[in-house]
Structures are given as C-alpha cells and as structure tokens.
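Below is one structure, written out as structure tokens; the observations come after it.
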C-alpha cells in the first residue's frame, strides 16, 4: 500500500502557520522588499502580514481597493486577493498598478483555476491548496527577478502539482500525452507504481509498464481527441491483474482532457479505491 500522504498546508486563516525560523532573504541585497498585501479578511491579512514580516519583508497592509491604491508608488511586489466581496476584485488594483508601474510583479490569490489575470509577469496561487512556503517561494523568485538575478522556476511541476492537489491527495494522479508519455505523477501514483516520482516524466507507460498496467491506449487517444471524460465502468483499477489485497476492491477510474503546459492535448488519468470486500469505504492514500 502507498504511504499515507501528509495533508497539504492550506493558506488560510484557519490553518496557515508561520515559519518558525525567520529567513533573511532581503537583508544581504539591500533594504527589505515592500510587499503590498490586499485582503478584505482582517484575520487573513494579519496572519499573512506576520509571516512576511517574520521572513524579512516590509508589508503594506490594505483591506480595501482604495487603501491599496494609496500604496502603489511604494510597492515592490503586490500580493492581491482576487475576490474582495461586494462585487469588488483585486484585479482592479492590479490593472492600475500595471498601468502606473508595469515593472512591479503581481501575485494573485485566487480560489479558481479558470481565470487568467494581468500580464505575463503575474503569478497565481490557488487559495486552499497553496502553503505559506509557496507564497514565500514566489516572493523570493520575484524578488530575485526584480534585482536582475537569474531565476529558475519549474513551471511545469508547479502547474501540474496544483492540478493534482485540486483533485485530491487521496487520488492517484497521472498526467500523460495522447501517446502515453508521462508528464507528471503525484506522490500517491508514484508510490502505488513503486517508482520515484522523478522516474516518470518523459517515459512512456506502454513501453515501461505494459506488463503490469492495463492498456490505456484507446482511452488516452479518445479522451484527447474528443475532449470528453471517460469513466471506467469495469471498476477494475489501473493494473492488468489486481494485487492480492485489491482482488475484491471497487475502483473509480476517470480520464479527462487537459491542456498540457506546452499547449498540447493531454489526459489526466485518476484512480482511487472506493471500497473493499467489506463494503467499508477506503481511500488509496
């Protein structure tokens, strides 16, 4: 059985925790970076501001669009909540900041994957699935870019990992192209297939695991071309032959289309055990 995965630290007022050891990311390169932090929730604003200050940033806290607009000339990096309630959105501040000072990076905190914001310099963090360290990592990268230092970001890993977390940590997630080449697997899938995660990207499932995996060739091709979701009604799971402990298990396997990081067509192949022979629900995690 795959090892149980530690729950994702969620970046909200209920469970976000500050880093215990302050990180002096700005002291060595000059004055502290000033971060404009916009959030209409006072608890979220207070907690995020405390975390950023503990890690060496100056924080310009704003609870409204009007207040945030007064800080635009002092801002080095902006972190803006998307939905502020009452029909107001942080993108109003982003638009004004982009127009007035286009060099300032903007991070949008959003609860949806469906929207795109601002220009090519923006970063987007999915609320509820991004940790405090995700925010700090984004700030460090943008800070280095602001100084003119080279920044290396694994955009593909970040993109796919956020999709996998939105699906759920108790689900085996594989992201493949139509030919069966892996682009990403999550920790649950890697553990279940008994390989390290870094082994998968670039390898082909039909060439590497045709002896243990069911032949998903037709499914991948159909889903990627028709853009429709496939539901495996056999309840058999991913493998050609079930493992002894899974003989009487009922699986849920879905395959649905996705745009890959390079713009090509891809497929998310997801699987989880719903119940075993006892009828008791159980999750692969």
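Listing 157, 66 from fewest to most neighbouring C-beta atoms within 10 Å gives 66, 157. Shown for 272, 227: other C-beta atoms within 10 Å of each C-beta, ranked fewest to most, produce the order 227, 272. Using a Förster distance of 22 Å, how high is the FRET efficiency between residue 234 and residue 198, based on the Cβ-Cβ distance and rounded to 0.05? The formula returns an efficiency of 0.10 here.
The ranking of 59, 268, 223 by Cβ neighbour count inside 10 Å, starting from the fewest, reads 59, 268, 223. Our note on the geometry: Cα centres of the stretch 54-102 and the stretch 200-225, 45 Å apart.
Laboratory data are not the source of any read-out in this text; all were calculated from the coordinates shown. Quick caveat: nothing in here was measured; it's all calculated off a predicted structure. Please note: Cβ atoms are built from the backbone with ideal geometry, for glycine as well, and neighbour counts cover all protein chains shown.
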